[in-house]
1. May I ask you to list the residues in region B:178-187 that are closer than 12 Å to B:PHE203 by Cβ and surrounded by fewer than 19 Cβ atoms within 10 Å (Cβ to Cβ)?
2. Return yes or no: is A:LEU193 closer than 23 Å to A:ILE95 by Cβ and not polar (S, T, N, Q)?
3. Among A:LEU167, A:LEU105, which is the only one that is surrounded by fewer than 20 Cβ atoms within 10 Å (Cβ to Cβ), away from chain B (no Cβ under 14 Å) and either part of a helix (DSSP H, G or I) or in contact with a Cys (Cβ under 9 Å, 6 or more places away or on another chain) (or both)?
4. Have a look at A:ARG152, A:ARG209 and point out the one that is part of a helix (DSSP H, G or I), within 9 Å of chain B (Cβ to nearest Cβ) and of a type in the set (Lys, Arg).
5. In region A:2-36, what count of residues is obtained for those that are closer than 14 Å to A:LEU222 by Cβ, surrounded by 10 or more Cβ atoms within 10 Å (Cβ to Cβ), of a type in the set (Gly, Ala, Ser) and without any contact (Cβ under 8 Å) to a residue 24 or more places away in the chain?
6. Residues that are away from chain A (no Cβ under 14 Å) and aliphatic (A, V, I, L, M), at least 1 per element: which helices (runs of 4 or more DSSP H) completely within region B:77-180 meet that?
7. For region A:37-58, state whether one or more residues are exposed (fewer than 13 other Cβ atoms within 10 Å of the Cβ), within 24 Å of the chain's Cα centre (by Cα) and part of a helix (DSSP H, G or I).
8. For region A:173-180, does any single residue satisfy the condition of being under 24 Å from the mean Cα position of the chain (by Cα), within 30 Å of B:GLN107 (Cα to Cα) and at pLDDT 90 or above?
Amino acid sequence: MQYAVFVAVVVVIAVLADWDRLQNQFAQADLAERLFPDIITIALRNTVVYTLSGFAFGLVLGLVIALMRLSSVAPYRWAASVYIEIFRGLPALLIFIFVGVAVPLAFPGTEIPGGTYGKVALGLGLVAAAYMAETIRAGIQAVPRGQMEAARSLGFSHARAMVSVILPQAYRIIIPPLTNELVLLFKDSSLVLFLGVTLDERELTKFGRDLASQTANSTPILVAGLCYLLVTIPLSFVVRRLEARTARAK
Amino acid sequence: MPTPYEIEIRGLHKSFGDNEVLRGIDLEVATGEVVCVIGPSGSGKSTLLRCVNLLEEPTRGQVFVGGTEVTDLDVDIDAVRRRIGMVFQQFNLFPHVTVTENLTLPQRRVLGRAKGHAAKVARENLERVGLADKADAYPAQLSGGQQQRVAIARALAMGPEVMLFDEPTSALDPELVGDVLAVMRMLAAEGMTMMVVTHEMSFAREVADRVVFMDEGRIVEQGPAAQVVGDPRHERTRNFLTRILDPAAADPPGPEEAP
C-alpha cells in the first residue's frame, strides 16, 4: 500500500512537470561547462576555507564555553549558559548581519582581522561554538567521574587532568557529533551572501546566484548545489561510520 | 613539627546536605602501620578515607598527612597528594593508554620525570605486582584483578609515603581477590603505611596492625585485629561480623555506597 502511494506520487510529478522547461532553465550543458574551473578553484575553495576557519574558531570558543559551563565558579557557568541559549536561539543569518554591521558600528575604527575571511570565521564560529560547547560538555561528562578522581589523587591539577586524562577520552565520544556540526557549518557558510564580498571571495551560493542572474538561467545554482553534495554526502557517510564505531566501542 | 603519625585525623565531620556521614572522627595512623577500617555500608568508612586526600572536603575538623595539614585552605593539595597513593574499588585505570603509559603519564606530567626514568620506574613497579608481561596491554584487555594490581603499581610509581585502599577487592570476582591481597600483603611487609577500607576479614586479621570498626559515622571500637575481629566488645561490631563472616546466617549486607 505504502509503495502504491509512493509510486503514484512519483508518477504524477514526473508526468505533470514540464521537463523541457526545467532542463532549459537548470541543465544547460554549455553554460555549466563555462562555470569551470572557477566554481571549483574559487567558489568551492572559499566555501571550504570559510567552513574550516569557522569550525576552528568555533571549536576553540566551544571548548572554552564547555569548560566554563562545567566550572565550579558560578558566574562562569551562568555566562556560558547565557551564551549558549542566545546563540542557539538566534538565526545564523541574524548573527552574520550583526557581525557585518553592528561590530564596526559599535567599535568605530576597528577592523575585524582577516577582512571577509575574519568576519565569516567570527560569524560561523560564534554560532558553531554554542552547539559545540554542548557537545563537548556532554563528551566530558560521559567520562566516568573516577577518572578525574584517579588523576587528582595522583597529584594532577584539575587543568592538567582535563588535558591529559579527560579530554583525550571525551574526544572519541564527540568526534561524530562534531563532524555533523562540520556538515551544518558547510551549508551555513552560504550566509556569506549577506556580507557583501569581492569577486574572489565568493563562495558556492553567491557564485551560483551571481552567474544565474548574469545569464538569466539557473544552471549555475544546480551546479553549485551538486558541489555542496560532493562534500556533504561523503562527510555524512564518515559520520555514520564513526557513530557505528563509537557504538561498537561501548 | 615532627609527629610519629603519618596520618592524623582530628574531630572530622562531613555532611552531604542534611546527611551527616562523619560525626566526629579522631584517628591516627603511625608510620609503617597498617590500619583496616571495617563497618557496614553507609557507615562513612569510604568517606573517611576520601577525606584523607581531600577527594571529599571535610565539613569540619583537621587532617594531617606527614605533618602537613591537608585541610589547611592554603595547602598545595596537588603536592600533598603526590605523597598519598590511592587505590579505588573501580580501579580507575586510564582506558585510552597502555598499562605502561598508565604508570608513566602521571610520573611525567606530575613529577616531571624524564621519559627514560619514568619507564624504568614503571617497569620496576609492574614487576613488583607481577605484571611485567602486560606492559603493552590496554586496561580493557586485563582481568579485574590484573587491573587492580596495575592501579596499585601506578600509585607506587609515584613513590608515595602512604597508601589508601578504598575497598580494593570489592569489585573483583572471588577467585581474583587473592592476587590483589598478596600484593597488599607484600607492601605491608615492606613497611608501607596503609589505610585500608575493606570487607576482607581474613586480610584484616592477618595483616592489619589495628582494626577500626565504624558505624553511623563514628568509630565504635578499635584495637588489634585479633581483638576487634576475634573478640569484639560491642554489640554492633558483633552483629556486623556475624553477618559478614556468615552471610547465610542473616540478611546479606547491602551493596557498599557507590563511589
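The values are calculated or read from the model by the stated rules, or taken from the named source; none is laboratory data. As the structure is a prediction and not an experimental result, all values here were calculated from the model. As a convention, Cβ positions derive from the backbone with ideal geometry for all residues, glycine included, and neighbour counts pool all protein chains shown.
1. Listed by number, the residues that qualify are B:GLY178, B:ALA182, B:ARG185.
2. Working: closer than 23 Å to A:ILE95 by Cβ: yes; not polar (S, T, N, Q): yes.
Against the criterion (closer than 23 Å to A:ILE95 by Cβ and not polar (S, T, N, Q)), A:LEU193 qualifies.
3. Details: A:LEU167 fails: away from chain B (no Cβ under 14 Å).
It is A:LEU105.
4. The unique qualifying residue is A:ARG152.
5. Residues meeting the conditions: 0.
6. Here the list reads B:99-111, B:115-128.
7. yes
8. Looking through region A:173-180, at least one residue is under 24 Å from the mean Cα position of the chain (by Cα), within 30 Å of B:GLN107 (Cα to Cα) and at pLDDT 90 or above.
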